[in-house]
Amino acid sequence: MSFILSEDAALKNYLQGLTVSDEKAPVRPVKVYFGYPDVEITAQTYPYVIIELIDIRAASERQTSGMMIDNDYRGTVAPVAGTAYRYEVPLPYDLTYQVTAYSRHPRHDRALLYQLQNKFPSQYGSLRVPNELNTEVAYRTMFLDGFLKRDMIEDGRRLFRTVYTVRVISEMTPSVAVTATQTVQTVEINRITTNIPTGLTAVSHLTQGD
Amino acid sequence: MNIAVENAAKDIARKSALRLTSVLRNMAFRAEWPSDIIVQLVVKAEDENLYISYPEEFEARIQDLEYGTPNTSPQPVLRIFTARYAANLEREVSETLFHLMENMGVFN
């Protein structure tokens, strides 16, 4: 995966495995969502955690220049003997996330507080981000920039909310930006399709504009 | 601190605060914050320090916008503003002050 997608996935993965307990369930897993899912979903799954990407800042103060050479194009292409890739030094970025924990039960709230404080330990946090080939792993520095408790009453019931503002150090190679703006020219589809609904015809090949 | 330097530092901070208030309100406008809240946002200078100020009665609404609610996504402005501008500005003020003191021969 590339810039942003990798960090998104890594952060969600990092928050997996959170659990709380109460008199009805000794182990209650805490679900993690991106953005705000439908109310119908969350209403049944308290407690839960939401991840929001709230800022992308080019960290020009950390920018350096020059060329790098390796044999897997920063972990995006399987190495081939005798082939090397040359590219510019990546652009440093700060990705800022808001991680919000919601719960209805004070004991769940405290259990989540404890676990999340350990997950985001001030300036000593790190996020495990594997490369695209999944052959190497980088540990990105992760800062806890802010913490806020915003408990409230919703529909006559207590809602415990804890908000963490987390900054993840990241980088983007210029080639990623070029790739992201490329236009899709051809879409290949499966030509051995079976079970085609009555009245429809199998399409063997599509090009842009079809 | 030399009185002239102190006054110069306060003047730099005051002018920067005016400029940053405009930047902050522009960011809030782009984030689609309500106009009655936008006009309440002010960057203030106290000595050489800068901080964001708004009337206390707007606190709850501003926090709902900044951090979201159970049913709405956050529309962060204050945190992004602080990360992008305030840190740089404090450095700018310090450096300007340093050069000013250097030119006045304070370090001789």
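The values are calculated or read from the model by the stated rules, or taken from the named source; none is laboratory data. All of these numbers come straight from a predicted model, not from anything done at the bench. Ideal geometry is used to build each Cβ from the backbone, glycine not excepted, and the neighbour counts take in all protein chains shown. Areas reflect the complete protein model, heavy atoms only, side chains present, ligands, DNA and RNA absent. Shrake-Rupley method; radii C 1.70, N 1.55, O 1.52, S 1.80 Å.
Open to solvent by 40 Å² or more (accessible area, probe 1.4 Å), at pLDDT 70 or above and of a type outside the set (F, W, Y), is that true of A:E136? Judged against the criteria, A:E136 is a match. Return yes when A:T141 is part of a strand (DSSP E or B) and away from chain B (no Cβ under 14 Å) and no when it is not. Answer is yes for this residue. The numbered conditions (1) within 28 Å of A:A101 (Cβ to Cβ); (2) buried (at least 17 other Cβ atoms within 10 Å of the Cβ); (3) of a type in the set (F, W, Y) are all true for B:F58 except (2).
Of all residues in segment A:95-148, those satisfying the criterion of being in contact (Cβ under 8 Å) with a residue 12 or more places away in the chain, among the aromatic types (F, W, Y) and under 23 Å from A:I56 (Cα atoms) are A:Y97, A:F120, A:Y139, A:F143, A:F147.
Pairing each residue of segment A:1-16 that is surrounded by 18 or more Cβ atoms within 10 Å (Cβ to Cβ) with any residue that is at pLDDT below 90, provided the two are 6+ apart or on different chains, yields C-beta distances under 7 Å for A:F3/A:M172; A:F3/A:V176.
Those residues that are within 14 Å of chain B (Cβ to nearest Cβ) and in a loop (DSSP other than H, G, I, E, B), I need them from segment A:28-38; list them, please.
Going residue by residue through segment A:28-38, those that are within 14 Å of chain B (Cβ to nearest Cβ) are A:33-38.
Selection gives A:G35, A:Y36, A:P37, A:D38.
Within segment B:35-53, can one find any residue that is modelled with pLDDT of 95 or more, open to solvent by 40 Å² or more (accessible area, probe 1.4 Å), under 24 Å from A:D151 (Cα atoms) and part of a loop (DSSP other than H, G, I, E, B)? No; the residues of segment B:35-53 include none that is modelled with pLDDT of 95 or more, open to solvent by 40 Å² or more (accessible area, probe 1.4 Å), under 24 Å from A:D151 (Cα atoms) and part of a loop (DSSP other than H, G, I, E, B).
Within segment A:142-164, the set of residues being touching a Ser or Thr at 6+ places or on another chain (Cβ under 7 Å) and open to solvent by 60 Å² or more (accessible area, probe 1.4 Å) comprises A:D145, A:K149. Within segment A:11-27, the set of residues being in a loop (DSSP other than H, G, I, E, B) and of a type in the set (S, T, N, Q) comprises A:Q16, A:S21.
Test A:I50 against the stated conditions and say whether it is more than 20 Å from A:V137 (Cα to Cα) and out of contact with any Pro (no Cβ under 9 Å at 6 or more places or on another chain). Spell out the reasoning first.
On the way: more than 20 Å from A:V137 (Cα to Cα): yes; out of contact with any Pro (no Cβ under 9 Å at 6 or more places or on another chain): no.
No, not satisfied.
Out of everything in segment B:61-100 that is open to solvent by less than 40 Å² (accessible area, probe 1.4 Å) and modelled with pLDDT under 75, what residue ends up being farthest from A:D155 (Cα to Cα)? Once the filter is applied, the top-ranked residue is B:L97. Specify which of the listed residues (A:D72, A:D22, A:D55) is of a type in the set (D, E) and within 14 Å of another protein chain (Cβ to nearest Cβ). Selected residue: A:D55, the only one of A:D72, A:D22, A:D55 that is of a type in the set (D, E) and within 14 Å of another protein chain (Cβ to nearest Cβ). Within the set A:L127, A:L53, A:L95, the sole residue that is in a strand (DSSP E or B), modelled with pLDDT of 90 or more, of a type outside the set (K, R) and open to solvent by 30 Å² or more (accessible area, probe 1.4 Å) turns out to be A:L53.
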